Every structure is written in C-alpha cells, then in structure tokens.
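Undergrad: Mind having a look at this structure? Questions to follow.
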C-alpha cells in the first residue's frame, strides 16, 4: 500500500480556527469551544488501513480524555464522492462501531485540512492550552504488517508533557498513512 508522511509543520504554529459538524451528535464544533484547553486534532477516516490499524488506540485515547482537560477530536476531510466509505453517515456509524468518545467532524470543503497542513490519515496535531502546536507526527512506530504493537507511545508521551505544562521531549517522527483524498477542485 502506498503511504505518505505527514508534513511536519513548524512547532509553535497557532491552531487554525475552524467550525465543523460533528457526525456523531449533529452539533457544530468550533475551535473556540476549546479556549484555554490543550487540543488533540486527529485527521482520520474510515477506510484507510493505517487508521483501521490504530482504531482501538484512537478510541482508547478518546475515552481516557473524555472528562479531562485535553480536548480530543477527529476530522475526516476525504472526498466522499470518490470514497463513499468516508461519507458523513458512514462516519457516524464508524464512530459508534469503534467506540469513539470524541467528536468525529466532517470537513466538506477540505479547508480545515489545508489550514492545518494535514496530508495523510492518520495525521496528529497536539496543541497546548495556548493553542500553539506542541507535537505533530506519529501515534507510535506500529504500521500495518510491521509487527510492532500499537501502543500510542509517541503521542501519549507528548500528551503527558503538554498536560504537565512542558514541551514534548525528543525527536518527533512523521506520521505515515494514506493521502487525504482531495477533491479534483481542491488546491493542495
């Protein structure tokens, strides 16, 4: 399966403003909803084998932080015309089946993915309480077929640091996954 690495935008970048529908609840999720809280934004989708591989870990992260200071949300920006498995109604079903306890938002215009610099699924962006980028990159070293366990070690360490008011330590490795399925009219 061809894979693409995340773009690794500059640390310290401000979190882009967004307003998206949550396919789970029907509510509108706004970046302003998370004022003063650290935020984990995950660009994911239903069909990508890299996301399917880490699906249980994503659900676990959502459950673990559902009542805590860290806001967690998933966003799918894939074109549902070319990838109907990623349409909003299918996202709602996937969120229920996977046990996602976080909003699973649909980026119909693909503007939010462009604003974040997201290029693949999964692509993780962890912002501190001031909404400055503290971590971007992989969940852990596991990939489909490489035999490594899915632990979330890299992202979990970064979350721990941010929640402690510190900068994540060490090298940040890019995420690896399927390319976002851009609409033919979407500039990249």
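Undergrad: Of everything in region 59-79, what is out of contact with any strand residue (DSSP E or B) (no Cβ under 8 Å at 6 or more places or on another chain), farther than 16 Å from residue 33 by Cα and in a loop (DSSP other than H, G, I, E, B)? Give them in sequence order.
TA: If the condition is that a residue be out of contact with any strand residue (DSSP E or B) (no Cβ under 8 Å at 6 or more places or on another chain), farther than 16 Å from residue 33 by Cα and in a loop (DSSP other than H, G, I, E, B), then 79 is the only one that fits.
Undergrad: What number goes with the only condition from (1) surrounded by fewer than 16 Cβ atoms within 10 Å (Cβ to Cβ); (2) closer than 20 Å to residue 50 by Cα; (3) out of contact with any helix residue (DSSP H, G or I) (no Cβ under 9 Å at 6 or more places or on another chain) that residue 154 does not pass?
TA: Every listed condition holds for residue 154 apart from (1).
Undergrad: What is the residue count in region 41-51 for residues that are closer than 28 Å to residue 161 by Cβ and part of a helix (DSSP H, G or I)? Break it down stepwise before answering.
TA: Pass one, region 41-51, residues closer than 28 Å to residue 161 by Cβ: 41-45, 48, 50-51.
The next check asks that each one be part of a helix (DSSP H, G or I); those that pass are 50-51.
Of the residues in that region, 2 qualify.
Undergrad: Determine if region 52-75 includes at least one residue that is at pLDDT below 95 and surrounded by 18 or more Cβ atoms within 10 Å (Cβ to Cβ).
TA: no
Undergrad: Mind checking which residues of region 157-172 are without any contact (Cβ under 8 Å) to a residue 60 or more places away in the chain and buried (at least 16 other Cβ atoms within 10 Å of the Cβ)?
TA: Passing the criteria: 158, 161, 168.
Undergrad: Here's something else I'd like to know. What residue, among those in region 176-188 that are touching a helix residue (DSSP H, G or I) at 6+ places or on another chain (Cβ under 8 Å), modelled with pLDDT of 90 or more and assigned to a loop (DSSP other than H, G, I, E, B), is surrounded by the most Cβ atoms within 10 Å (Cβ to Cβ)?
TA: Residues of region 176-188 touching a helix residue (DSSP H, G or I) at 6+ places or on another chain (Cβ under 8 Å): 176-178, 180-181, 186-188.
Restricting the remaining residues to those that are modelled with pLDDT of 90 or more gives 176-178, 180-181.
Now narrow it down to the ones that are assigned to a loop (DSSP other than H, G, I, E, B): 180-181.
Working: 180: 26, 181: 20.
Once the filter is applied, the top-ranked residue is 180.
Undergrad: Suppose we filter 51, 119 for residues that are in contact with a strand residue (DSSP E or B) (Cβ under 7 Å, 6 or more places away or on another chain) and more than 22 Å from residue 16 (Cα to Cα); which single one remains?
TA: Values: 119 fails: more than 22 Å from residue 16 (Cα to Cα).
Going through 51, 119 in turn, just one is in contact with a strand residue (DSSP E or B) (Cβ under 7 Å, 6 or more places away or on another chain) and more than 22 Å from residue 16 (Cα to Cα): 51.
Undergrad: Scan region 23-40 for residues that are in contact with a strand residue (DSSP E or B) (Cβ under 7 Å, 6 or more places away or on another chain), touching a residue at least 24 places away in the same chain (Cβ under 8 Å) and under 26 Å from residue 160 (Cα atoms) and report the count. Please lay out each step first, then the result.
TA: Taking region 23-40 first, the residues in contact with a strand residue (DSSP E or B) (Cβ under 7 Å, 6 or more places away or on another chain) are 23-24, 28-30, 34, 37-40.
Narrowing further to those that are touching a residue at least 24 places away in the same chain (Cβ under 8 Å): 23-24, 29, 34, 37-40.
Retained after the next criterion (residues that are under 26 Å from residue 160 (Cα atoms)): 29, 34, 37-40.
Residues that pass the stated criteria total 6.
Undergrad: Okay, next question. Out of region 10-27, which residues are part of a loop (DSSP other than H, G, I, E, B) and surrounded by 15 or more Cβ atoms within 10 Å (Cβ to Cβ)?
TA: As a first pass, look at region 10-27 and keep what is part of a loop (DSSP other than H, G, I, E, B): 10-13, 15-18, 23-27.
Scanning region 10-27 gives 13, 15, 16, 18, 23, 24.
Undergrad: Do we have residue 95 as touching a residue at least 60 places away in the same chain (Cβ under 8 Å), more than 12 Å from the chain's Cα centre (by Cα) and surrounded by fewer than 19 Cβ atoms within 10 Å (Cβ to Cβ) here? Write out each step before concluding.
TA: Numbers: touching a residue at least 60 places away in the same chain (Cβ under 8 Å): yes; more than 12 Å from the chain's Cα centre (by Cα): yes; surrounded by fewer than 19 Cβ atoms within 10 Å (Cβ to Cβ): no.
So residue 95 does not fit the description; no.
The values are calculated or read from the model by the stated rules, or taken from the named source; none is laboratory data. All of these numbers come straight from a predicted model, not from anything done at the bench. We place every Cβ from the backbone using ideal geometry, glycine too, and count neighbours over all the protein chains shown.
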